[in-house]
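Each reported figure results from applying straightforward, stated rules to the coordinates on display, with no laboratory input. Computed from a prediction, not measured in an experiment: that's the story for all the values here. No Cβ is skipped: glycine too gets one built from the backbone with ideal geometry, and neighbour counts run over all protein chains shown.
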């Protein structure tokens, strides 16, 4: 399957697991970078892959964070999307982060907030290297699905005062992002832990215990806990038939954002589950790209 033949929608659908992802190859007008080590922490080497446009830039950037319940998946899931985003004028990255690595008893080696720390470090690394890779440090977006959606939201809603920056490096740089697209990610950990959709044990492993034992951790890991007016624009895309992360996670977050006066758009895809198919997948891709174009690209001069 060649990049030139399946186009933007196909590449992004591949990244979401809709199609088998093609290899990440840069075409004319693009530069492939990576794998690049952006952080070494706790004995783990964290890497990223990047495809960027040629030219002087600076270009807006989009960081893509894979899902997998915080314990599975890898950055290769988004490799197919990188050339398509670069062709559209973005420096596109897909990143690794520390997975929980639970043992036989379910105890995580790297529970929350390790994954949040790593994703924030990746954004700081990008800013520290913005000049080298022709990135506009004031126009960085982030997106991901499921656990990746949760981590994307955490980048959007938290700042240095929330104590989640970690010690991955580049402390002189900001981990702030300017736009977020969350694709069916959990937003309210106490609420989802009480659901019957199957997410509760995954959340329990990620957070390191049950809700009644560590309620403060559940609250701290919930994007909804940090909602306030002064946040970057966000888009949440969720299927109404999602039985793993129920759609009320998206609806609760949307209401909290609107009540706070923050910029949030909710796109509910009728009949779609945890992983979009057909028309729903196409709508998700189109909405994602349009959202980033609107919020990360400079306004066209009239």
Relative contact order (percent) for the stretch 183-283, with alpha-carbon contacts under 8 angstrom and 6 or more residues of separation?
-> 31 percent
Taking only Cα atoms, what is the 0 to 90° angle, nearest 10, from helix 248-260's long axis to the longest principal axis of the chain?
-> 80 degrees
Geometric extent, Cα atoms of the stretch 98-213 - Rg, Dmax (angstrom) = 15.3, 48
Among DSSP beta bridges lying fully in the chain, give the percent that are antiparallel, nearest 5.
-> 35 percent
Relative contact order for the stretch 64-165, counting Cα pairs under 8 Å that sit 6 or more residues apart, in percent = 33 percent
If packing is taken as the mean number of other Cβ atoms within 10 Å per residue, what is the order of 274-280, 180-186, 31-37, highest first?
-> 180-186, 274-280, 31-37
Cα centroid separation - the stretch 242-278 against the stretch 147-214, whole Å = 16 Å
Using only Cα atoms, find the angle between the long axis of helix 114-128 and the longest principal axis of the chain, and express it within 0 to 90 degrees, rounded to the nearest 10.
-> 20 degrees
In degrees, nearest ten, helix 278-296 long axis to first principal axis of the chain (Cα) | 70 degrees
Ordering of 147-154, 127-134, 215-222 by burial proxy (mean other Cβ atoms within 10 Å per residue, highest first) | 147-154, 215-222, 127-134
Relative contact order for the stretch 3-296: what is it in percent, counting Cα pairs under 8 Å that are at least 6 residues apart?
-> 17 percent
Got a sec? How would 285, 142 order by Cβ neighbour count within 10 Å, fewest to most?
-> 285, 142
Per the Kirkwood definition applied to all pairs of different Cα atoms, how many angstroms is the hydrodynamic radius of the stretch 3-296?
-> 18.8 Å
Residue-averaged [θ]222 nm for the chain, counting only DSSP H segments that reach four residues, each worth -39500 (n - 2.57) | -9500 deg cm²/dmol
